[in-house]
Amino acid sequence: QTPEPVKLVIAAIGRMKRGAEQDLCARYANRIDKAGRGLGLGPLRIVEFSESRAPRPAERKAQEAELLLNAAPPEAAKFVLDEHGNAHSSRSFTDLLAAHRDEGIAEAWFFIGGADGHGDALLAAATHKIALGQMTFPHQIVRCLLAEQIYRAITILSGHPYHRD
């Protein structure tokens, strides 16, 4: 019996505007759905939450962290994108995803915080804190970069030539 595929979710604070970034994310999500099915990964879903309107950054971060944490099942693998997280190569990121898949997790959630960053509760609940590098990127672009890296991981696992060392 084949195990259920690992559901992949990008949960982000802020809404994606219509345009090139949204189209690119949708294209990678479609590729993930098609290529990941046979590898036990996917589909990819993107969930968006409105930014907190709290007056102070600490309150905004706490409210947004609560929104994100409450959306994910407690047993899900939680990848928190954080500037202080570990920077991974595409191969080591692939290894993380594959290890969780092989452990039999049902869902892997990737959290993108608001402009102020993540609240302490979400950081404490993280299975992994990952950084896309030391530069700061707009949240819409982070979604596209993350979706691309998830797709790249799937192609690495399948032996597809998309990724070249």
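Figures for the structure shown
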| quantity | calculated |
| --- | --- |
| Proximal lysines to LYS129, defined as alpha-carbon separation beneath 23 angstrom and excluding residues fewer than eight positions away on the same chain | LYS7, LYS61, LYS78 |
| Given (1) 16.5; (2) 16.1; (3) 17.4, the label whose value is Kirkwood radius over Cα pairs in Å derived from this model | (2) |
| With Cα atoms, 0 to 90° folded angle of helix 20-36 axis to the chain main axis | 40 |
| Cut-off 10 Å between beta-carbons: net charge of the residues surrounding ILE10, Lys and Arg +1, Asp and Glu -1 | +1 |
| For ALA131, net neighbour charge (Lys/Arg +1, Asp/Glu -1) across residues whose Cβ lies under 11 Å away | -1 |
| Highest-fluctuation residue, LEU145, LEU81, LEU41 considered, GNM on the chain with Cα pairs under 10 Å | LEU145 |
| The chain: relative contact order as a whole-number percent, Cα under 8 Å and 6+ apart | 34 |
| Heavy atoms of VAL142 accessible to a 1.4 Å probe, total area in Å² rounded to 10 | 20 |
| C-alpha long axis of helix 57-71 to longest principal axis of the chain, angle in ° | 40 |
| The chain: angle of helix 90-103 to the longest principal axis, Cα-based, in degrees nearest 10 | 80 |
| Accessible solvent surface per residue of region 97-150, calculated while the other protein chains remain in place, 1.4 angstrom probe, Å² | 45 |
| Residue-count net charge about GLU148 - beta-carbon cut-off 11 Å; Lys, Arg +1, Asp, Glu -1 | +4 |
| ARG31, ARG56, ranked by accessible area, largest first (probe 1.4 Å) | ARG56, ARG31 |
| Computed [θ] at 222 nm, deg cm²/dmol, the chain (DSSP H ≥ 4; -39,500 (n - 2.57); rounded to nearest 500) | -14000 deg cm²/dmol |
| Whole-percent carbon and sulfur share, accessible surface of region 1-78, 1.4 Å | 49 |
| Fraction of antiparallel bridges per DSSP, the chain only, in percent to nearest 5 | 5 |
| Assigned charges on the beta-carbon of Lys, Arg, Asp, Glu; the chain dipole about Cα centre (debye) | 520 |
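The values are calculated or read from the model by the stated rules, or taken from the named source; none is laboratory data. Just so it is clear, the model here is predicted, and its values are computed rather than measured. Ideal geometry is used to build each Cβ from the backbone, glycine not excepted, and the neighbour counts take in all protein chains shown. When the accessible area is computed, the model is the full protein with side chains, heavy atoms only, and any ligands, DNA or RNA have been set aside. Shrake-Rupley method; radii C 1.70, N 1.55, O 1.52, S 1.80 Å.
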